[in-house]
1. Can you pull out every residue in segment 31-53 that is within 20 Å of the chain's Cα centre (by Cα) and either in a helix (DSSP H, G or I) or of a type in the set (Lys, Arg) (or both)?
2. Is it the case that Tyr188 is aromatic (Phe, Trp, Tyr), within 16 Å of ligand 2 (Cβ to nearest atom) and either out of contact with any Leu (no Cβ under 6 Å at 6 or more places or on another chain) or closer than 18 Å to Val114 by Cα (or both)?
3. Starting from segment 247-269, take each residue that is of a type outside the set (Val, Ile, Thr) and list its partners that are surrounded by 10 or more Cβ atoms within 10 Å (Cβ to Cβ) and in a helix (DSSP H, G or I), counting only C-beta distances under 6 angstrom and pairs at least six apart or across chains.
4. Working only within segment 187-232, note down all residues that are surrounded by fewer than 19 Cβ atoms within 10 Å (Cβ to Cβ), more than 13 Å from ligand 1 (Cβ to nearest atom), under 24 Å from Glu287 (Cβ atoms) and at pLDDT 90 or above.
5. Among Leu211, Leu230, Leu226, which is under 19 Å from Ala121 (Cα atoms) and out of contact with any Pro (no Cβ under 9 Å at 6 or more places or on another chain)?
6. Which condition number does Asn184 fail, the rest of (1) under 21 Å from Val285 (Cβ atoms); (2) out of contact with any helix residue (DSSP H, G or I) (no Cβ under 7 Å at 6 or more places or on another chain) being met?
7. Enumerate the pairs (first residue in segment 119-136 and near ligand 2 (Cβ under 6 Å from one of its atoms); second residue anywhere and in a helix (DSSP H, G or I) and among the basic types (Lys, Arg)) with beta-carbon separation below 8 Å, excluding pairs fewer than 6 apart on the same chain, so at least 6 apart or on different chains.
8. Just for segment 155-172: of the residues that are free of Cβ contacts under 8 Å to residues at least 12 places away in the same chain and exposed (fewer than 10 other Cβ atoms within 10 Å of the Cβ), which one is nearest to Pro222 (Cα to Cα)?
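The values are calculated or read from the model by the stated rules, or taken from the named source; none is laboratory data. Model, not experiment: these values are computed from the prediction. Cβ coordinates were reconstructed from backbone atoms using ideal geometry, including for glycine residues, and neighbour counts include every protein chain displayed.
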Amino acid sequence: MPEVDRVAASRAAIAARRARAAVKEAVRRRERRPLEIAEAAWADPSTPEGSLRVRELLTSIPGIGPSRVARIMEELGIADAKRVGGLGARQRVRLRDWLAARDVGPLRAAGRLVVLAGPTAVGKGTVSAHIRDNYPEVLLSVSATTRPPRPGEVDGRHYYFVSDEQFDAMIEGNDFLEYATVHNASRYGTPRPPIEAALAEGRSVLLEIDLQGARAVREAMPDALLVFLLPPSWEELVRRLTGRGTESAAEQARRLETAKVELAAQHEFDVRVVNHDVGRAAREVVELLAVPGTDSARTRT
Ligand SMILES: Nc1nc2c(ncn2[C@@H]2O[C@H](COP(=O)(O)OP(=O)(O)O)[C@@H](O)[C@H]2O)c(=O)[nH]1
Ligand SMILES: Nc1ncnc2c1ncn2[C@@H]1O[C@H](COP(=O)(O)OP(=O)(O)O)[C@@H](O)[C@H]1O
């Protein structure tokens, strides 16, 4: 191919990729409905909608992660690399029915609720704090807890430190999105009102809670995206727990037993992020929040 044609072809490929990225972003931000994208693709398969892969379309839908997408595509009998515009008639019917069943009607600007969970000492607190300090557009939910503050912890910033009676009153008042007893010791709960207010304003919310909390949020809010934070290795997890030095040897051993059970539940989650480096892991989580106006939201393809 002559050089000038090659340059034109590669420009066209870049433009097509950008156009597909814009379609995915619009779905992610709930500006366009997935069903409408599929219908545009079938009306004209040469459009960006037509050349979008089915996998990409489904992964862009808020609340659906890659492992669920793989399951859905298997159920629909659609091969991994298929483009929406290239589906056969029967596959189109199956995909249309599936999208229509979860079509939510009129769209509204909506923030996303992301739950960050993972085994003890993987770095959930560190990654969340990094997000709170570097991405102020994300609301990091502050939980209420009955455990006493550790040195340096500030009421209202790290937790709302409450008495057992106050915690009971919050349960009575239906003030929690979820609550649980963690490590067989203290109670922790996610206050509901700030989350509902932020989501209603189109702001994204991050919850850093334990595995039972993540499951409860999925029940209460099926659109929530569940992210599991993984250590680079088991040895590194043990190093982080012992290095933190906030638990006795007996408590560390108990938490490591719980960590094994928690790691076994990682496949219940939509997305897994490995915490090699705090900044990188935080950025990956923020990209999942797809906050309009952040660099990560703009450049994610
Ligand atoms: N279910 C639930 N778990 C929470 C909540 N807030 C914190 N947790 C979890 O409680 C556990 C204990 O937290 P913490 O006392 O700060 O100690 P850590 O284990 O050293 O992080 C962690 O696994 C947190 O993810 C909450 O609101 N709900
Ligand atoms: N990416 C990382 N690399 C090295 N150490 C880390 C990393 N993330 C967290 N840590 C360290 O691991 C320990 C546990 O982190 P923490 O945020 O308290 O875990 P969690 O909230 O999951 O229990 C802390 O000492 C923290 O400084």
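1. Of the residues in segment 31-53, the ones within 20 Å of the chain's Cα centre (by Cα) are 31-34.
Arg32, Arg33, Pro34, listed by residue number.
2. For Tyr188, the condition - aromatic (Phe, Trp, Tyr), within 16 Å of ligand 2 (Cβ to nearest atom) and either out of contact with any Leu (no Cβ under 6 Å at 6 or more places or on another chain) or closer than 18 Å to Val114 by Cα (or both) - is met.
3. Gln252/Leu241; Glu262/Leu211; Ala265/Leu211
4. Pro232
5. On the way: Leu211 fails: out of contact with any Pro (no Cβ under 9 Å at 6 or more places or on another chain); Leu230 fails: out of contact with any Pro (no Cβ under 9 Å at 6 or more places or on another chain).
The conditions single out Leu226.
6. If we test Asn184 against (1) under 21 Å from Val285 (Cβ atoms); (2) out of contact with any helix residue (DSSP H, G or I) (no Cβ under 7 Å at 6 or more places or on another chain), just (1) comes out false.
7. Thr120/Arg255; Ala121/Arg240; Ala121/Arg244; Ala121/Arg255; Val122/Arg240; Gly123/Arg240
8. Among them, the one singled out is Glu172.
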